[in-house]
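Asks: Dropping a structure here in structure tokens format, bear with me for questions.
Just so it is clear, none of the values below were taken in a lab; they were calculated from the coordinates. As the structure is a computational prediction, the values presented were derived from the model and not from experiment. When we count neighbours, we look across all protein chains shown, and the Cβ atoms used for this are built from the backbone with ideal geometry, even at glycine.
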Amino acid sequence: MNISNFMEVTFKAISINEGFARICVAGFCVQLNPSVDELGDIKTAVSEAVTNCVVHAYPKHNGMVYLRCEIEDNTIKIIVKDQGVGIKDIEKAMEPFYTTRPGEERSGMGFAVMESFMDKVEVAQNGEKGLVVTMYKQIGKEKLQVSNA
């Protein structure tokens, strides 16, 4: 069955909306009939991406988070972007334990967590302001089992 669909939502970059984003994406993913584990992986990655926007993108004011999900066949593509301060060195920021806020309780594992739960993660500048995180997850790939009969 070929499915082609998308949804978009924009919300204020405040911490309570992290849960809202998780629910939006989970509800949209249901059409692919994901396993509980797959759905958990996606929700965790979305949480990390949105939390990065809330915590890092807008240090002096509350901006907006833009969330788009696209489904093509059995793959979901999730785009989380902001128009905040951006990241000067994306490669460095993607290293585990790197944080721009060492005095706070931040582990610097956000991108590593996203990469561990998704099949592919891309991080890029959003024009002159902000960041775009694009994540991909193929649904159902572990459902294929080989019989030893």
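Asks: Would you mind putting 21-28, 77-84 in packing order, based on average other-beta-carbon counts within 10 Å, highest first? Please report the intermediate quantities before stating the final value.
Replies: Working: 21-28: 17.6, 77-84: 21.2.
Those peptides, ordered most packed to least, come out 77-84, 21-28.
Asks: Modelled label-to-label distance, Ala26 and Ala124, 7 Å Cα→beta-carbon offset: nm?
Replies: In this crude spin-label approximation the distance works out to 3.0 nm.
Asks: So, R0 is 35 Å and r is the distance between the beta-carbons of Thr10 and Gln138; what FRET efficiency does that work out to, to 0.05? Write down the numbers at each step before the final one.
Replies: Details: r = 27 Å, r/R0 = 0.76.
Efficiency, from the Cβ-Cβ distance: 0.85.
Asks: Ala13's amide H: which non-local residues (gap 5+, or another chain) put their own amide H closer than 5 Å, with H modeled 1.01 Å from N in plane and none for Pro or chain starts?
Replies: Correct list: Gly63, Met64, Val65.
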